[in-house]
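We did not get these values from a lab; they are worked out from the coordinates using the rules stated. Keep in mind that what you see is a predicted model, and the values were worked out from it rather than measured. No Cβ is skipped: glycine too gets one built from the backbone with ideal geometry, and neighbour counts run over all protein chains shown.
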């Protein structure tokens, strides 16, 4: 399998899995462990998990399939993941700030665009000949992973982490 085909499989997997992760916390009976990887409320922060965890999972699988032979594999994936979650955040706050409200169909569309954008950025970087220190990019993904899990249980009390429907933050433990 070539890397371009892998990117297409990854995009499809991330869109399906990310959509399911929106519901898995409730489906699990609000299981605390499931909540670490699923959206536990309607906050922007929790919705970033829908892109982050599937993209990170596929990056790990991809590394074992062929990533060891790509010298900038982790750099490409870290930048792709960061691009996706940044796009979701910036797009949401920009359009909802201008309009004064948000719309589900636009939010779903921005998720789709974010995953495609992030995976295509990763693909383009992998195709480049740039050699970088990969450990820093693995560290960035690790910091994001820890942040997503930690802030599910101990979210900062700011609007970014606040569920606009229930006015709550994360999971109460």
Worksheet entry | Computed lengthening from residue 28 to residue 108, 0.36 nm per intervening residue step minus Cα-Cα distance | 26.6 nm
Item to complete: Order the peptides 117-126, 101-110 from the highest to the lowest mean number of other Cβ atoms within 10 Å of their residues.
Response: 117-126, 101-110
Fill in: Relative contact order for the chain, counting Cα pairs under 8 Å that sit 6 or more residues apart, in percent
30 percent
Worksheet, complete the sentence: Rounded to the nearest 10 degrees, the helix 44-65 long axis (Cα) sits at an angle to the longest Cα principal axis of the chain of 20 degrees
Worksheet item: Which whole-number value in Å³ per residue fits the convex hull of the alpha carbons of segment 55-122?
Response: 69 Å³
Worksheet entry | Neighbour-count order for 166, 152, 19, 56, fewest beta carbons within 10 angstrom listed first | 166, 19, 56, 152
Worksheet item: Sorting 45, 6 on the 10 Å Cβ count, fewest up front, what's the list?
Response: 6, 45
Worksheet item: How far, in degrees from 0 to 90, does helix 73-99 lean away from the longest principal axis of the Cα atoms of the chain, to the nearest 10?
Response: 30 degrees
Worksheet item: What is the mean projected area of the alpha carbon convex hull for segment 36-173, to one decimal in square nanometres?
Response: 8.8 nm²
